[in-house]
Amino acid sequence: MCDPTLENACDPIPFLDQFDFHARLAELQGITIVAFTSVSCGSCRHLRRVLLEVKSSQPTWHLFEVDAARDQALTNEFQVFHLPTIFLFINGSFHHQLQAEARSASIIEAVQAARAQPAEEAP
């Protein structure tokens, strides 16, 4: 159940910003996908629809978005040069940047493949 008193709490894919990004992720166990997007990006809007499908089929996964234009500090920290860009975190720690076609099956497969690999250093 969502808490309507918290910003973005009822959004199926809530936004993170530079002020809560690291703290919120550190609290999470399991799989977390963070997508850097922009409201003016058509590919980003498509990815959001795909991520909603992923959320439906993988309800234990945590999904978040970062508005790359609004949160330049995070965009720079993660060296995001193209939108959308997707990152995988496991148990609150950076694991990999995901490279996948914007289809739910492709993203799920990319997560499974990345989980089998050792973690990379965060950008």
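Some values worked out for this structure:
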item	result
Number of the condition not met by ILE107 [criteria: (1) of a type in the set (A, V, I, L, M, F, W, C); (2) closer than 22 Å to ALA119 by Cβ; (3) surrounded by 13 or more Cβ atoms within 10 Å (Cβ to Cβ); (4) without any contact (Cβ under 8 Å) to a residue 40 or more places away in the chain]	(4)
Residue count for region 110-123, restricted to those that are within 14 Å of THR32 (Cα to Cα) and open to solvent by less than 60 Å² (accessible area, probe 1.4 Å)	3
Pick from region 65-102, criterion closer than 17 Å to LEU47 by Cβ and loosely packed, with under 13 Cβ neighbours inside 10 Å, ranking: nearest to the chain's Cα centre (by Cα)	GLN99
Qualifying positions in region 55-74 - closer than 17 Å to ALA23 by Cα and in a helix (DSSP H, G or I)	ALA73, LEU74
Residue match in region 78-91 (condition: assigned to a strand (DSSP E or B), polar (S, T, N, Q) and out of contact with any His (no Cβ under 7 Å at 6 or more places or on another chain))	yes
Region 16-64, subset of a type in the set (Phe, Trp, Tyr) and farther than 21 Å from GLN99 by Cα, residue least open to solvent (accessible area, probe 1.4 Å)	PHE21
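The values are calculated or read from the model by the stated rules, or taken from the named source; none is laboratory data. Computed from a predicted structure; not experimentally measured. A quick note on method: Cβ atoms are made from the backbone with ideal geometry, for glycine too, and the neighbour counts reach across all protein chains shown. Calculation scope for accessible area: heavy atoms of the full protein, side chains included, ligands and nucleic acids excluded. Shrake-Rupley method; radii C 1.70, N 1.55, O 1.52, S 1.80 Å.
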